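Read the figures in this text as sums done on the coordinates, not as results from a lab. In this text, all values refer to a predicted model and were calculated from it rather than measured experimentally. Don't worry about glycine lacking a Cβ; one is built from the backbone with ideal geometry, like all the others, and counts go over all protein chains shown.
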Amino acid sequence: MSPRFAPSFTRRHVLQALGVAALPAAQPPVRAAGVVTIRLSHVVTQQTPKGLALQRFKDLVEQRSAGAVRVAIYANSSLYGDADEMQALQMGAIDMLAPSLSKFGRIGFPEFEAFGLPFLFESATQIRKVCDGALGNRLLASLGRQRMVGLGFLDNGFKHMSANRPLLTPDDYRGLRMRVQDSRVIAHQMRALGAQPVNLSFGETRRALASGVVDGTENPISNFWTQRMHEVQTDLTLTQHGYLGYAVVAHRDFWGSLPAGQRTLVQEALREALAWGNTIAQQENDDALVALRASRTTRIHQPDASQRERLRLAVGEVYDTLEKRIGGEWMRALRASLHS
Ligand code: SIN
């Protein structure tokens, strides 16, 4: 059985085999023979914008430290999935993560869920304005409340809807069970469209689609393609209705335990890798669309302007609900940042 689907007792055995005890207390980073190993977990494959950017980070760190700092990447939910990776970071069983921004909502940062608002961003330029500006810095700094250090933002790209039928207008969503990541905003978006949201870990999504536990989902095409969801979804509709991006975080104790020189080296390597990742993300999604078209497994639909407008109007209420939850000040700051 792949570790991705392994029950928790097996995961514990994997941890023990890696020299990581069961998770009661924060642990220092793994050090052996003077080499520090940074353990970094994520849920997508290596051939995605996130997988590639984090591989670049690893390469830069290992080259520049001449092997004194290593980065062990556990990709594709091979060690932790969505359900347990945040807890693993808090416990010190892993040192760094790069979760979707929306997933910070459930651990006490509902303002991060604003990134999942449907039809919020119109362009990559707007995304950069928010992430690289004062608001982005404020969001990263706020992670200190949960003993995390926010190290930077990374793009995947715009999400599209898939199912075994076209999803061009709200009528098409009625009654469908749609997988969502753990975000109240995204669940609300699906309800507003007439679908039933089903909260599932990313690593379980393809199997749930294949077995009919859920009917459809939303993804940037790079995630859809690299999880082979095209083999189990007959239709992809290019709704471009939402954004998927990530924050790279470390546990505060781990970060503080790095000697200053190594911390600077790691921070600089990450800054460069994320900047590079943000330049290749769109191309990765474009390439995945080309590959998807060539595979001929999945019909691809393009909503026209009036269909897209109907989708946008249907999800308008999601903004009001989030604004009530996080307060008008955040939403005003977000809008100001978008249009700065
Ligand atoms: C990811 O790209 O990290 C996963 C996003 C999702 O859960 O849909």
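Table for the structure above
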item: Folded to 0 to 90 degrees: helix 8-17 orientation relative to the chain principal axis, Cα; result: 30
item: Sorted by Cβ neighbour density within 10 Å, fewest at the top, the residues 95, 82, 320; result: 320, 82, 95
item: Rounded to 5, the percent of DSSP beta bridges in the chain classed as antiparallel; result: 60
item: Exposure proxy ranking, count of Cβ atoms within 10 Å, fewest first, for 153, 121; result: 121, 153
item: Antiparallel DSSP beta bridges within the stretch 136-238, percent to nearest 5; result: 55
item: Projected label distance in nm at residue 291 and residue 66, using a 7 Å step from Cα toward the beta-carbon; result: 3.8
item: The stretch 74-106-the stretch 42-72 distance, computed between alpha-carbon centres (Å); result: 16
item: Residue-by-residue Karplus 3J(HN,Hα) for the stretch 263-271, coefficients 6.51, -1.76, 1.60, Hz, glycine and proline x; result: 5, 5, 4, 5, 5, 5, 4, 5, 4
item: On Cα atoms only, tilt of 317-326 relative to the major axis of the chain in degrees; result: 30
item: Karplus-derived 3J(HN,Hα), 6.51/-1.76/1.60, for each residue of the stretch 146-153, Hz, glycine and proline x; result: 10, 6, 10, 10, x, 9, x, 10
item: Neighbour-count ranking [beta-carbon atoms within 10 angstrom, fewest first] of 113, 323, 218; result: 323, 113, 218
item: Cα long-axis angle, helix 49-64 against the chain (0 to 90 degrees, to the nearest 10); result: 20
item: The stretch 302-324 versus the stretch 153-178: alpha-carbon centroid distance in Å; result: 12
